[in-house]
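*Asks:* My questions will all concern the structure given below.
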Amino acid sequence: MAISDIQTLASRALLSQAAYARTETRDDLERALKENANFTATQVSDFVNRYDFVTTRPNELNGFSATVYQEKASGRYILATRGTEFDPAGVATDFLGADAIGIGAF
């Protein structure tokens with residue numbers, strides 16, 4: 001795999017991880033990246049210098065959540081989705097609501 005491919009994959013993985021940040025405003029993004037997405041201070045700084053927060057679809061009952069970011073350099077929009085959060089008490093809800101019914105309905 002070429003270096004540029006690895007850099008692209010790393011960037012996309014970081015965007016997906018950023019989708020775990022629970023925020024609905026640009027002003028709150030840095031805090032949310034640290035607290036919810038487990039970013040280091042360096043990762044937060046690099047991320048907010050490269051991307052702008054646009055909007056989010058918060059955690060749905062079925063576990064779906066996605067966030068739109070805009071890359072500052074290119075102006076392109078990026079949709080970042082994430083997996084469901086693990087909650088031992090919600091395993092049945094996650095399986096039934098998201099996997100069996102939510103996804104299975106399509």
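*Asks:* Can you tell me the order of 19-31, 67-79 when each peptide is scored by its average per-residue count of other Cβ atoms within 10 angstrom, highest first?
*Replies:* Averaged packing, sorted descending, gives the order 19-31, 67-79.
*Asks:* Fewest Cβ neighbours within 10 Å first, please rank SER65, SER45, SER16 accordingly.
*Replies:* If I rank by nearby Cβ atoms, fewest first, I get SER45, SER16, SER65.
Bear in mind these aren't lab numbers, they're just calculated from the coordinates by the rules spelled out. Quantities reported herein were computed from a predicted structural model and do not represent experimental measurements. Every residue, glycine as well, gets a Cβ built from its backbone with ideal geometry; the counts of neighbours run over all protein chains shown.
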